[in-house]
Amino acid sequence: MFHKVREVTPLPDYGLLLVFADGEKKKYNVKPLFDRWDVFKTLYSVKGLFEQVKVDAGGYGISWNDDIDLSCDELYSNGAAILGQDDTVRIETDLTEDEKEIVRHGREEYAKGGFVPLDNISL
């Protein structure tokens, strides 16, 4: 059974907030992948790339570009469950004010279908 992804929001420190098609929410930590697969190191070495994460067509996964992606099954199986709205609020209240602003900005850009301009990405 596929647990299709409906929404993805990048969080500080290489976390992802995921909403699945059934409404379930999970938090996924991308950092452990940096040591497992070299291609994921690009997410921290290319400034602004991590924030460009998007849901793939059909919700079968997420991707940053043609080389870096994760399946919906990986995200669902290894994501940490968020049981309710209070847990989501608690996660965000643990952030610094600067981190909260990054999350707000990312949500606004995602809602508009926008991404970080390429000229803002530096190696």
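Every read-out reported here was derived from the displayed coordinates using simple, explicitly stated rules and does not represent laboratory data. These numbers come from a predicted model, not from an experiment.
Overview of results
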| read-out | value |
| --- | --- |
| Count of the range 46-69 residues which are aliphatic (A, V, I, L, M) and outside any loop (DSSP other than H, G, I, E, B) | 3 |
| Residues satisfying the stated conditions in the range 11-45, i.e. assigned to a helix (DSSP H, G or I), closer than 15 Å to residue 78 by Cα and not hydrophobic (A, V, I, L, M, F, W, C) | 14, 31, 32, 36 |
| Any hit, the range 16-39, residues being more than 15 Å from residue 55 (Cα to Cα) and polar (S, T, N, Q) | yes |
